[in-house]
Amino acid sequence: MTRILFSTKTNLILILSILVSVSCISERDNKKNTKRETVFKRPLQGSQLYSDCFGFNAYCSGAGCSQIKVKGPIDSDVLVTIKSKEFNNIVFSHAYIRSNETYTFDLDNGTYQIFFYYGKDWDLKKIIKGTFCDLKGGFSSSEVFGKDFPQYLKNNILTYELILQKNGNFNTKQSNSKEAF
């Protein structure tokens with residue numbers, strides 16, 4: 001009888017230690033999930049966050065190609081939208097660019113207008129009224145819209161380096177969400 005009691009005691013200790021281990025693993029997984037949500041508050045470089053509205057980025061078909069390169073500012077992230085003047089001002093391409101990172105758009109030759117949506121702290125629940133549909137997600141702080149004049153591209157590379165510089169060679173013009181999206 002003593003032997004069975006000892007064995008039961010051992011089994012009870014074993015079961016308790018398994019329960020404690022499972023509890024620790026579950027707590028660790030919850031912490032990881034919280035970190036994932038925090039990381040996603042800042043989308044990945046090059047994300048096409050509004051593809052459900054605008055579709056995925058257009059790429060050069062090979063008939064004549066140009067590029068638009070954008071280097072993000074140091075102090076904020078930027079979402080760039082590119083509208084095609086040949087296709088009724090629809091958003092042709094867009095991408096999320098993290099601060100101080102570069103993204104390159106490959107496009108057919110043509111006339112495009114580039115819009116810049118700057119900010120910090122991406123909010124997945126924010127709704128922005130767009131021209132064709134409501135957009136899910138947007139900056140929750142330091143939100144600013146800018147644009148450049150339409151640019152004609154023919155087999156060349158247009159580069160934007162978005163840094164605040166006294167006497168720089170490019171100034172964005174003021175814009176808003178209705179115009180950019």
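Neighbour counts of other Cβ atoms within 10 Å put D123, D134, D108 in the fewest-to-most order D134, D123, D108.
Model label sites at S61 and K126, defined 7 Å from Cα along the beta-carbon direction, differ in position by 3.5 nm.
Rounded, prolate or oblate: which fits segment 51-180 when a ≥ b ≥ c are the square roots of the eigenvalues of the alpha-carbon gyration tensor, with rounded for a/c under 1.5 and prolate only if a/b beats b/c? Don't skip to the end; give the middle numbers.
Working: a/c = 1.72, a/b = 1.17, b/c = 1.47.
Judged from the Cα gyration tensor, segment 51-180 comes out oblate (a/c at least 1.5, b/c at or above a/b).
Between N100 and N169, what is 0.36 nm times their sequence separation minus the Cα-Cα distance? Round to one decimal in nm. Working shown, then result.
Details: separation 69, 0.36 × 69 = 24.84 nm, distance 1.86 nm.
Gain in length upon complete extension: 23.0 nm.
Throughout, read-outs are computed from the coordinates displayed, never taken from laboratory work. These numbers were taken from a predicted model, which means no experiment stands behind them. Cβ coordinates were reconstructed from backbone atoms using ideal geometry, including for glycine residues, and neighbour counts include every protein chain displayed.
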